[in-house]
Amino acid sequence: MSHSLPRKTANANLAATMIKQLQKRNMEGYYCATAKEAVDLALSLMPEGASITWGGSMTIQECGLMDAVRSANYELIDRATANTPEESRALYGRMVCADYFLMSTNAISMDGELVNIDGNANRVACLCCGPANVIVIAGMNKVAPDLQSAVLRARNVAAPTNTVRLDRKTPCAVTGRCSDCYSPDCICSQIVITRRSSIPNRIKVILVDEELGY
Ligand code: SF4
């Protein structure tokens, strides 16, 4: 989506502010005007031969990062290749030891806090601990003014859209808003706020001035 010049400038200013906030939280922030720039930047951060894995994310597909890593010289650890629960468990063991974990975020506050909701928790677990580096690609549509609005965004925008995408039988898939359910199909087992990283710059957040993901 192309923005007007004042909108682009405002987003660039906001991203610069957020990068400073991320720095205080031991996270490294970047800003790219386009998805293409974001993909090139992410590739430049990951040395050839590195092992790469990823969490479920529309953003990393939409922006072209998945196509790019698949056609580059990396060791890919793809949980979709598991055929049995045993293989899935073994692959997960390799995922947590990967050099790079790719994901987006369900929301990010203007103060730099990441908010992520997960049903099985593999994605948020890898965000919290395991892979040596985490690269988060986030369209500016994921930015919320403060932490409370970021949680509301994750619960009332990201999660209801994902339940529709995944064809889950949940109240939000019908009403479009969170009803704080405990349905068997609920995708909200974990709601994780990443306030800071204990390892400096392990988490790299690439803000992109495009609408990406939900
Ligand atoms: S808690 Fe239930 S209703 Fe709320 S967003 Fe998650 S799945 Fe939907």
- Item | Subset of segment 178-206 [more than 8 Å from the ligand (Cβ to nearest atom), surrounded by fewer than 17 Cβ atoms within 10 Å (Cβ to Cβ) and over 27 Å from residue 33 (Cα atoms)] | 184, 189, 190, 191, 198, 199
- How many residues of segment 162-187 are more than 14 Å from residue 119 (Cβ to Cβ) and either hydroxyl-bearing (Ser, Thr, Tyr) or in contact (Cβ under 8 Å) with a residue 60 or more places away in the chain (or both)? The answer is 2
- Unmet requirement for residue 140, which otherwise passes all of (1) within 30 Å of residue 7 (Cβ to Cβ); (2) in contact with a Ser or Thr (Cβ under 9 Å, 6 or more places away or on another chain); (3) in contact (Cβ under 8 Å) with a residue 24 or more places away in the chain: (2)
- Note on the structure: Scanning segment 1-60 residue by residue, the ones that are touching a residue at least 40 places away in the same chain (Cβ under 8 Å), within 26 Å of residue 93 (Cβ to Cβ) and of a type in the set (Gly, Ala, Ser) total 6
- Would you please list the contacts, defined by Cβ atoms under 8 Å and residues six or more apart or on different chains, that run from a residue in segment 89-105 that is free of Cβ contacts under 8 Å to residues at least 40 places away in the same chain to a residue that is charged (D, E, K, R)? 91/78; 91/79; 92/79
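Here, each number is a calculation from the coordinates, and none is a lab measurement. Computed from a predicted structure; not experimentally measured. Cβ atoms come from the backbone with ideal geometry, glycine included; neighbour counts cover every protein chain shown.
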